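Working notes for the structure below.
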Amino acid sequence: MALQCVVLGMELIQQDWIDAIKQAQNAGVINVVAVGQRNISAARELGEVFEAPFYSDLRRMMLETTPQILIMDRPREMPLDFIEACVHQGIGIFSLGPPVQSLSDAHKLNMLIEPRTHMLYIWPRMSRSWAFLQASQTESYLHGPHFISGLWAGLNHAMAKSWDIREGSIGSLPVLAWDAFRTIVELAGIPALMYASIDGTGGEEDRFIHAGGTAAVVMRFAGTGTASLTITDKDLPFRRELLLFNREGRLKLAENSYNFLSSDGKIQEQDIQTSAPAWKNALTELEEFCRQFTASTSPHRGWPHLLTQTAAMMTAMIVSHRTGTAESPQHFLGLTR
């Protein structure tokens, strides 16, 4: 049976996601029962796209509908208690980018959901990409990295509108940074120190959600590990690349390709997949969320959300940018416990 779904905060420029949601609806995976936006004009436009009731008053929307899941590109002005209310009501959240705007938000939401949960999925997620999943089947490829270099690139919505690009854009720098930092946590844990410089805006107060532009981030881990990331919301196409060295050799990984060289320089394995349209990739992730949301209870249901760990790294990035010094994500984790 189709999951009753509300679409919140999406813009017409996100044509790939609009197409994916329509495909999921045509396949009987979901049924869009309402849409919400920040003002009535934008809400009406979105409602016409999905042929669904539209709302600018989100609380009224939730009172007049009974959704099971929420597909959300969180509006910046939306309060956290709206998301908390959804969780309390058992409404699953598929979030395009961070569902939280600060580390304190992350701690509050973390208190409401299990560390591994089917209630929350945050897109994009590098560890769900085809190449990452293929490489992760061999433990030695990703195990114990001592050096990681990465690139996360995409085009923010404002630039996409001005260039009339309707596929493959991302919200802003924090959408990419969240995925990049979560990937680092999964591969190597939380770094001891982070140094960051942003060519753009560095957030407001403790809210990292307002950051934008291009960030250079260098990390040191408690042992001998080092990581270096370039993250930009001013470039096309949307892409993610990793170069990882460990004792076994070197892994080079992109969205749809990977190769692993042993420590003596011999190719151990490599593969490449034809790139799929952006809407199809979006549909695959949405269908996986719906499958996990409706699956029977088990220890393997859902995904680790890593909310506080990732948010601590986001905070360290914007604070380091402001202070010009290296910052400790662990320090920020401890401040808000």
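For percent of Cα pairs over 31 Å apart, the choices are (1) 45; (2) 31; (3) 42; which was calculated from the structure?
It is the one labelled (2).
7 Å from Cα along Cα→Cβ at both A192 and R247: what's the point-to-point distance in nm?
1.9 nm
If each residue of separation counts as 0.36 nm, what is the full-extension length gain between R220 and E288 once their alpha-carbon separation is subtracted?
Between R220 and E288, full extension yields an extra 21.1 nm.
So if R0 is 41 Å, what FRET efficiency would T323 and E269 give, r being the distance between their Cβ atoms, rounded to the nearest 0.05?
0.45
Quick check for me: using +1 on Lys/Arg Cβ and -1 on Asp/Glu Cβ, what's the dipole size of the chain about its Cα centre, in debye to the nearest 20?
Using only the charged Cβ atoms, the result is roughly 480 debye.
Scattering from the C-alpha atoms of segment 193-243 alone, worked out with Debye: what is log10 I(q)/I(0) at q = 0.18, 0.28, 0.29 1/Å?
-0.70, -1.10, -1.12
GNM on the chain, C-alpha springs below 10 Å: top fluctuator among I318, I231, I267?
I267
Can you give me the distance in nm between label points at A158 and I113, each placed 7 Å from the Cα along the Cα-to-Cβ direction?
In this crude label model, A158 to I113 measures out at 2.8 nm.
For segment 287-334, what is Rg from Cα atoms divided by 2.2 N^0.38 Å, rounded to two decimals?
In units of the globular-protein estimate, segment 287-334 measures up at 1.73.
Please state the charge dipole magnitude for segment 3-123, taken about the Cα centre, from unit charges on C-beta atoms (+1 on K and R, -1 on D and E), reported in debye and rounded to the nearest 20.
200 debye
Considering only DSSP beta bridges whose two residues both sit in the chain, what percent are antiparallel, to the nearest 5?
On the way: 44 of 72 bridges.
Counting only bridges with both partners in the chain, antiparallel ones make up about 60 percent.
Between H146 and H88, what length in nm is gained on full extension when 0.36 nm per residue of separation is reduced by their alpha carbon distance?
Extra length from H146 to H88 when fully extended: 16.8 nm.
Using a cut-off of 13 Å between beta-carbons, work out the net charge of the residues near A27 (Lys and Arg +1, Asp and Glu -1, A27 not included).
+1
Given 20 °C and 1.002 mPa s, how large is the Stokes-Einstein diffusion coefficient of segment 3-123 in µm²/s, with Rh as the Kirkwood radius over Cα pairs? List each step's numbers first, then the result.
Numbers: Rh = 14.5 Å.
After rounding, the answer is 148 µm²/s.
What number comes out for the charge environment of I113, summing +1 per Lys or Arg and -1 per Asp or Glu over other residues with Cβ under 14 Å away?
0
Among V33, V49, V175, which one shows the highest mean-square fluctuation when the chain is modelled as a Gaussian network with alpha-carbon springs under 10 Å?
V49
Report the label-to-label distance for D235 and H300 in nanometres (one decimal), using points 7 Å from each Cα along the Cα→Cβ vector.
3.7 nm
For the chain, what is the mean residue ellipticity at 222 nm derived from helices alone (per DSSP H run of n ≥ 4: -39500 (n - 2.57); sum divided by total residues; nearest 500 deg cm²/dmol)?
-10500 deg cm²/dmol
Read the figures in this text as sums done on the coordinates, not as results from a lab. None of these values were measured; they are calculated from a predicted model. Cβ atoms come from the backbone with ideal geometry, glycine included; neighbour counts cover every protein chain shown.
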